[in-house]
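The values are calculated or read from the model by the stated rules, or taken from the named source; none is laboratory data. Nothing here was measured: the structure is a model prediction, and the numbers come from that model. All Cβ positions, glycine included, derive from the backbone under ideal geometry; neighbour counts span all protein chains shown. Ligands, DNA and RNA are excluded from the accessible area calculation, which covers all protein heavy atoms including side chains. Shrake-Rupley method; radii C 1.70, N 1.55, O 1.52, S 1.80 Å.
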Amino acid sequence: EEVVQAVKADPGVKAVYITHNETSSTVLNDVRAIAHAVREVSDAFIIVDAVSSAGITRIDMDGWGLDVVVTSSQKGLMSPPGIAIVAASKRAVEYASKKENESYYFDVVKLKENADLSQSFTTFPVSDFMGFYEALKMLREEGYEHAYARHLVYRDLIRSSLREIGITFVADDADASPCVTGVFAPEGTKADEIISVMRDRYNVEVAGGQKHLKGKAFRIGHMGFINTNDLLVTVSAFECALKDLGLDFEFGAATRKFLELRRTIGRDL
């Protein structure tokens, strides 16, 4: 509703930019609903940042009416960073080809001229592309629908197991990301302390919160080339860190819940 109001208030809006998955707030935005609502009141281009959602959750450019989707090779696509991937609708390409603004690296006309000659526009990162090719091959072998379902399982395993020890989360269940989970530090602890103990004593890396969440929350990533064993270690390390920091709770309850849930889904995920 807020996006639609903003578009209505300014008839000069040419594009609406949406982040599909926000790793900072650990929220998955409903791009489909936002795009459809904007389409009812405007012909603005819908441009989506899918850097951390591609390969993890569904993106339907045609069905959702998206004009441009931008992603990158790391995160859900499981390959070395350094490659930007852009998918564009026909009307977006036609608009960009008008060259209303001068640019060099984002010049669609020059890019297409080189592509027609089977050449890259700039120096080709061969080793990165080889890794990217292999990662896409892995995704196709697994099947996209299975990959999407697998990441939802990871999200639910983390949230359900940590709730057993009274943990609360940055995002609510309806908007929770399948890529990363934001966890508030329990009362009596600090997020930075938890992060340090998990890293230094248990060799498990989690990310700190950003801006107003800094020091209050941390983030557990569960995207790409991982399995439930990795998450089991993370949950156990978190419990151990809380115990080391002197928190009074039912030690082992989260790990036990994780194992119970995993038995119902199979440990091959």
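Quick notes on this structure:
- Global geometry of segment 157-222, whether rounded, prolate or oblate, following the gyration tensor of its Cα atoms and the 1.5 cut on a/c: rounded
- Taking a ≥ b ≥ c as the square roots of the eigenvalues of the alpha-carbon gyration tensor, segment 126-269 is classed prolate because a/c is 1.5 or more and a/b outweighs b/c.
- With eigenvalues of the C-alpha gyration tensor scaled by 5 and rooted, segment 61-205, Å: 39, 19, 17
- Over the residues of the chain, the helix contribution to mean residue ellipticity at 222 nm works out to -13500 deg cm²/dmol, using -39500 (n - 2.57) for each DSSP H run of at least 4.
- Rounded to the nearest Hz, the phi-derived 3J(HN,Hα) couplings of segment 228-242 under the Karplus curve 6.51 cos²θ - 1.76 cosθ + 1.60 (θ = phi - 60°) are 5, 4, 4, 6, 4, 4, 5, 4, 5, 5, 5, 4, 4, 5, 4, where x marks glycine and proline.
- Segment 103-117 - phi-based ³J(HN,Hα) in whole Hz, Karplus 6.51/-1.76/1.60, Gly and Pro as x: 8, 10, 5, 10, 7, 4, 4, 5, 4, 5, 4, 5, 4, 5, 9
- Positive-end extreme of charge dipole, segment 78-222 - chosen from Ser120, Tyr104, Thr189 (charges on Cβ): Thr189
- Among beta bridges from DSSP that stay inside the chain, the antiparallel ones total about 65%.
- Kirkwood-based Rg to Rh ratio, the chain, C-alpha trace: 1.03
- Here the accessible area is traced with a 1.4 Å probe on the protein chains. For the chain, carbon and sulfur cover 53 percent of it.
- Tensor-based shape of segment 200-261 (alpha-carbon gyration tensor, a/c under 1.5 rounded, otherwise prolate or oblate): oblate
- Inter-centroid distance (Cα atoms) of segment 216-259 relative to segment 65-130, Å: 39 Å
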